[in-house]
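Remarks on the structure that follows.
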Amino acid sequence: MLILVFAITVVSYADFSGNTTDYTFDRSKAKEYMEKYWNNYNIKDYADFTAYGGDCTNFASQVLRAGGVSFTSRTTNPTYNHWYYYGPNWGYDRTATWTGATEFRQHFGDIKGTGKKRAVSMYTFTVSEALENFDFIWLRVSEGDIISHGHDLNSSYHTQIVYDYTIGARPRDIKVAQHTANYLDRSLREYLEQRVNAGQGNEYVFLIEVW
Amino acid sequence: MKKIYVILAIFLICGIGLSIGVYALQGENIWSKIYSKDIDNITFDDLKAARDELNKSNLSREEFEEREKKLKEAIMEKEEKEFPEISVSEVKQDVDTLIEKIKSDISFFEESIKYDQTINEKVRERQKIHVDNLKKLLSEVETKEKSYEEYFSEYENLRLKYVVDYQKLRNEN
């Protein structure tokens with residue numbers, strides 16, 4: 001009999017589910033969008049930010065939007081409370097939360113307690129802990145959830161979006177989609193191992209449960 | 001003649017209705033097996049189909065979470081029964097595997113150099129040096145003139161030197 005009890009080590013867990021989410025989320029539509037645009041940028045609807053610091057968060061935002069996450073209100077001076085895209089220019093047309101990994105995390109989760117906390121929850125692990133507790137993460141993730149990577153707790157440098165999780169394979173893995181270096185099914189386990197290999201074991205990875 | 005069309009139409013409607021019914025029953029059947037942990041009678045393909053169906057469902061978040069939890073528990077139980085030993089595929093210790101590892105490291109660091117806006121310039125410069133060193137090592141390893149152990153030792157030396165420098169430089173401005 002399998003006992004699903006994990007003695008996990010986690011830097012922090014923030015449950016935002018008390019906040020009523022102002023959107024519903026269609027995971028199959030989010031997956032379809034990832035499949036269609038992971039290597040074929042949707043330049044008809046969105047600018048490509050690869051040359052402006054990377055396109056990873058722009059792509060994650062597009063996927064969430066395709067899944068049904070609603071835009072917030074528009075303003076000429078958007079903060080972490082806003083998230084929308086009507087055009088490439090920051091301000092009334094686009095928020096920093098749409099394209100910036102740190103700002104995106106502060107909108108859907110938080111940065112040291114301050115944020116819009118629009119998602120359902122956010123787990124913070126060190127990279128080594130995430131690898132040690134990989135089955136726990138596998139158990140928690142659903143397609144369309146966000147994996148954010150940071151060198152410290154105050155910022156994020158990369159955003160990935162969960163495309164799939166393995167069924168019928170051990171060790172278990174989670175496949176993430178991303179832009180900039182384009183992937184549909186990059187192995188999260190391998191990416192975390194690579195970070196540890198590069199001396200980043202004590203740095204951070206954030207799991208944002210979108211819905 | 002008209003009667004034949006009517007009879008055919010009735011058969012067609014019944015057939016479609018029956019197919020829908022059987023399909024729905026099969027779907028429900030999988031979920032009842034998942035809920036009762038009847039894992040011997042579920043295949044991994046069934047579990048994948050259940051996941052796809054779940055993703056397409058219009059369940060509320062709470063209902064989705066509950067179903068997904070049951071699904072994942074069933075997957076884990078089945079995997080642990082079918083593959084009791086965690087099959088961490090043993091990393092092959094040969095030159096070809098090392099070549100792939102070095103190439104993968106180069107891509108990882110090039111991604112960081114180009115797009116990571118949160119690292120300082122000293123780290124970025126150190127990463128560039130590391131990538132140059134890895135590229136030089138790669139061209140040597142590709143000749144396969146030395147043993148795996150010798151090349152791996154050179155790789156590890158480079159990696160450890162990088163890690164020490166990275167730890168030192170990452171908090172410098």
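The values are calculated or read from the model by the stated rules, or taken from the named source; none is laboratory data. Everything numeric here is computed off the predicted structure, so don't read it as measured data. Note that we place each Cβ from the backbone using ideal geometry, even for glycine, and neighbour counts take in every protein chain shown. For the accessible areas, the whole protein counts, side chains as well, though only heavy atoms, and no ligand, DNA or RNA atoms are used. Shrake-Rupley method; radii C 1.70, N 1.55, O 1.52, S 1.80 Å.
Could you tell me whether any residue of segment B:157-172 is surrounded by fewer than 13 Cβ atoms within 10 Å (Cβ to Cβ) and outside any helix (DSSP H, G or I)?
Yes, the conditions are met somewhere in segment B:157-172.
Among the numbered criteria (1) under 28 Å from A:Arg186 (Cα atoms); (2) open to solvent by 30 Å² or more (accessible area, probe 1.4 Å); (3) not in a helix (DSSP H, G or I), which one does B:Lys146 miss?
Of (1) under 28 Å from A:Arg186 (Cα atoms); (2) open to solvent by 30 Å² or more (accessible area, probe 1.4 Å); (3) not in a helix (DSSP H, G or I), only one is false for B:Lys146: (1).
Here's the yes/no breakdown for (1) in a helix (DSSP H, G or I); (2) in contact with a Phe, Trp or Tyr (Cβ under 8 Å, 6 or more places away or on another chain); (3) away from every other protein chain (no Cβ under 14 Å); (4) not aromatic (Phe, Trp, Tyr):
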position: A:Thr97; (1), (2), (3), (4): yes, yes, yes, yes
position: A:Tyr123; (1), (2), (3), (4): no, yes, yes, no
position: A:Leu131; (1), (2), (3), (4): yes, no, no, yes
position: A:Phe136; (1), (2), (3), (4): yes, yes, no, no
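Kindly list the number of the only condition in (1) charged (D, E, K, R); (2) within 18 Å of A:Ala181 (Cβ to Cβ); (3) within 13 Å of the chain's Cα centre (by Cα) that fails for A:Asp48.
(3)
Looking at A:Tyr123, A:Tyr165, A:Tyr191, A:Tyr183, which is the one that is farther than 30 Å from B:Pro84 by Cβ and of a type in the set (Phe, Trp, Tyr)?
Sole residue among the options that is farther than 30 Å from B:Pro84 by Cβ and of a type in the set (Phe, Trp, Tyr): A:Tyr183.
Does any residue in segment A:139-161 that is of a type in the set (Lys, Arg) come within less than 8 Å, Cβ to Cβ, of a residue that is open to solvent by less than 30 Å² (accessible area, probe 1.4 Å) and not in a loop (DSSP other than H, G, I, E, B) six or more places away or on a different chain, and which pairs are these?
A:Arg140/A:Tyr123; A:Arg140/A:Leu207; A:Arg140/A:Glu209
Those residues that are within 12 Å of chain B (Cβ to nearest Cβ) and β-branched (Val, Ile, Thr), I need them from segment A:20-44; list them, please.
A:Thr20, A:Thr21, A:Thr24, listed by residue number.
Restricting to segment A:99-121, name every residue that is buried (at least 19 other Cβ atoms within 10 Å of the Cβ) and not in a helix (DSSP H, G or I).
Scanning segment A:99-121 gives A:Gly100, A:Gly109, A:Asp110, A:Gly115, A:Lys116, A:Lys117, A:Arg118, A:Ala119, A:Val120.
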